[in-house]
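What follows is a short report on a single structure.
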Amino acid sequence: MTYSFTCEQGHEPVTLTVEAENDEEALQKLIEQSAPHLQAAHPEMANVPEDQAKNIIMSNWVKQ
Ligand SMILES: [Zn+2]
């Protein structure tokens, strides 16, 4: 399954896409992939607790 997450908070949309077997794997991969983006574009969000980061991703992702 392909999971994509688009971040467009305060900038042009940036879409991260990962391949994963299930939600848990997708979350781990998206958190890893989004880390450089968060540090570059949203330093105030770079250190949110992992549970909160997962909620943000899950509220916004698209599964295909
Ligand atoms: Zn962003």
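In table form, for the structure just shown:
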{"read-out": "Among 19, 32, 44, residue whose mean-square fluctuation peaks in a GNM of the chain (springs only between Cα atoms under 10 Å)", "value": "44"}
{"read-out": "Value at 222 nm in deg cm²/dmol, rounded to 500, when DSSP H runs of n ≥ 4 in the chain each add -39,500 (n - 2.57)", "value": "-14000 deg cm²/dmol"}
{"read-out": "Computed lengthening from residue 28 to residue 59, 0.36 nm per intervening residue step minus Cα-Cα distance", "value": "9.7 nm"}
{"read-out": "Karplus (6.51, -1.76, 1.60) ³J(HN,Hα), θ = phi - 60°, over the range 56-64, in Hz, Gly and Pro reported as x", "value": "4, 5, 5, 6, 10, 7, 10, 9, 9"}
{"read-out": "Relative contact order (percent, whole number), the chain, Cα cutoff 8 Å, 6+ residue spacing", "value": "40 percent"}
{"read-out": "Linear extension gain, residue 46 paired with residue 1, 0.36 nm per residue minus alpha-carbon span", "value": "13.6 nm"}
{"read-out": "Degrees, to the nearest 10: 23-41 long Cα axis against longest axis of the chain", "value": "20 degrees"}
{"read-out": "Residue exposure sequence - 34, 4 - by fewest surrounding Cβ within 10 Å", "value": "4, 34"}
{"read-out": "Global size of the chain as Cα Rg and Dmax, reported in angstrom", "value": "11.0, 31"}
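Each reported figure results from applying straightforward, stated rules to the coordinates on display, with no laboratory input. Keep in mind that what you see is a predicted model, and the values were worked out from it rather than measured. When we count neighbours, we look across all protein chains shown, and the Cβ atoms used for this are built from the backbone with ideal geometry, even at glycine.
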